[in-house]
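Undergrad: Provided herewith is a single structure, encoded as structure tokens, for subsequent inquiry.
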Amino acid sequence: MRYIPIFISVLYFSTYVLCIQDYCKSGYKLESNGIWELDLSRLNRPFVVVHNETTYPTITSTQTEINICDALNRPSDVDEEDFCKDRTYICRRVINTKKGSDRVTHVQAIAGEFEGSKLNATVEVPNNTEQDLSQNGAQLSISLGGEHINNKSLSALITLECDTSQPTKEDPNEPTIVSFKSNVLAVHWKTVFACGAQPKEKIPKEDEPTEDEPTEDEPSEDEPSKDKDVPPKDINEGMSSIGVFFTFVGLLIGLYFGGYALYNYKVYNARGIDLLPHRDFWIELPYLIKDLITHVMDSMSSNRRGGGYASV
């Protein structure tokens, strides 16, 4: 029974990894007037776009939370019925506020992967135009499907525009809601991370030998090897074994912390430090190490003084 939480945690972790869309992975290739590589991984986080309108005696706030790469997580301060269902990528909520009291009137899963309605994500260049996707102003579109409501399907059309004026070290710009008509949410997103790049072939360095040129350690075909009878040394064999060992240990540690954190989050709705597995142990660990160091230092100090009883 004690292995059940670990199994559930690993299951949640693997499901989370599989939710990330291919076009958000580094090196995604798009065919348009040649082959282009995209890196939308920096857009893999939730962006919230808020539009407030005064509707006396209330204030109507339309909040649209967007993550084009992965499913959204419900905020801890929002009730389950006031947020979109699991595996939603774009959640649109309408909230009325009156005298400091909020009331959610509409919840719409604009895009997501649900039973009976698939995400069906497509990435393409608008109108099949031939563009240089690395140039400022170049555009591409992402179409995402959503849930069915009253025999009508919700969907989103995100237009990404290359913005070369934005430094890549800065956070992505916020998306802009253009319209929501006929159950289609139109989004325009101008960011440097929408710029494409053409794959480059590896160019050998000046001091790097080509395939046809033998290195100093390799004899040519006409020159016999002086150390022909000496077997090569597997210098990297020991290093590779150590690397595999530490990689395996690192994976176990990652599964331990990540799996338990996901389990605590999903099952107990934990947040912050409560996500840690065996939280009390990790909180007390620094104090235990401090006591151990103090004990060792005291032992070393007593040995230097000689110990025993002082003469009277």
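The values are calculated or read from the model by the stated rules, or taken from the named source; none is laboratory data. These numbers come from a predicted model, not from an experiment. Note: ideal-geometry Cβ built from the backbone for every residue, glycine included; neighbour counts use all protein chains shown. Side chains included, ligands, DNA and RNA excluded: accessible areas come from the protein's heavy atoms. Shrake-Rupley method; radii C 1.70, N 1.55, O 1.52, S 1.80 Å.
Undergrad: Amide H of Ser117 versus every other amide H placed in the peptide plane: which residues, excluding those fewer than 5 positions away on the same chain, fall under 5 Å?
TA: Those qualifying (amide H under 5 Å, at least 5 residues apart or on another chain) number zero.
Undergrad: Can I ask one more? Thr294 to Phe248: FRET efficiency via 1/(1 + (r/R0)^6), r the Cβ-Cβ distance, R0 51 Å, to the nearest 0.05? Show your work: numbers first, answer last.
TA: Values: r = 34 Å, r/R0 = 0.67.
Efficiency, rounded to the nearest 0.05: 0.90.
Undergrad: Given a 1.4 Å probe, how much area per residue of the stretch 39-114 is accessible, in Å²? If you can, show how the numbers build up before the last one.
TA: Working: 4100 Å² over 76 residues.
Spelled out: the 1.4 Å probe surface of the stretch 39-114, per residue, equals 54 Å².
Undergrad: In sequence order, what are the phi-derived ³J(HN,Hα) couplings for the stretch 279-295 according to the Karplus relation 6.51 cos²θ - 1.76 cosθ + 1.60 with θ = phi - 60°, rounded to whole Hz, with x for glycine and proline?
TA: Couplings: 3, 4, 5, 5, 5, 7, 4, x, 5, 5, 5, 4, 4, 5, 4, 4, 5 Hz.
Undergrad: Please report the spacing between the Cα centers of the stretch 64-141 and the stretch 257-272 in Å, no decimals.
TA: Going from one Cα centre to the other spans 24 Å.
Undergrad: Around Glu65, what is the net charge, scoring Lys/Arg as +1 and Asp/Glu as -1 over all other residues with Cβ under 9 Å from its Cβ? Before the final figure, lay out the partial values.
TA: Numbers: positive: Arg92, Arg93; negative: none.
Counting the neighbours of Glu65, the net charge comes to +2.
Undergrad: What are the residues whose amide H is under 5 Å from the amide H of Leu72, where those residues sit 5 or more places off or on another chain and H is modelled from the backbone?
TA: Those qualifying (amide H under 5 Å, at least 5 residues apart or on another chain) are Arg87, Thr88, Tyr89.
Undergrad: Using the Cα gyration tensor of the stretch 38-96, with a ≥ b ≥ c the square roots of its eigenvalues, what is the shape: rounded (a/c below 1.5), prolate (a/b larger than b/c) or oblate (neither)?
TA: Details: a/c = 3.37, a/b = 1.71, b/c = 1.97.
Because a/c hits 1.5 or more and a/b fails to exceed b/c, the stretch 38-96 counts as oblate.
Undergrad: Pairs to check: Lys169/Lys190; Lys25/Lys266; Lys85/Lys266; Lys118/Lys152. Give those whose C-alpha atoms are more than 18 Å from each other in this structure.
TA: Values: Lys169/Lys190 16 Å; Lys25/Lys266 25 Å; Lys85/Lys266 14 Å; Lys118/Lys152 14 Å.
From the list (Lys169/Lys190; Lys25/Lys266; Lys85/Lys266; Lys118/Lys152), the Cα-Cα distance tops 18 Å for Lys25/Lys266.
Undergrad: Still on this model: Provide Rg and Dmax in Å for the stretch 88-158, with only Cα atoms included in the calculation.
TA: 16.8, 53
Undergrad: Name the long-range amide H neighbours of Ala270: under 5 Å, sequence gap of 5 or more, or other chain; modelled H, no Pro or chain starts.
TA: When sequence neighbours closer than 5 places are left aside, the close amide H contacts are Tyr265.
Undergrad: Related question: Projected area of the stretch 20-61, taken from the Cα convex hull and averaged over every viewing direction, in nm²? Write out the running numbers ahead of the final one.
TA: On the way: hull surface 19.3 nm².
About 4.8 nm², averaged over all directions.
Undergrad: Something else about it: Express the carbon and sulfur contribution to the solvent-accessible surface of the stretch 19-119 as a percent, rounded to the nearest whole number, probe 1.4 angstrom. If you can, show how the numbers build up before the last one.
TA: Working: 2330 of 5540 Å².
The C+S portion of the solvent-accessible surface of the stretch 19-119 is 42 percent.
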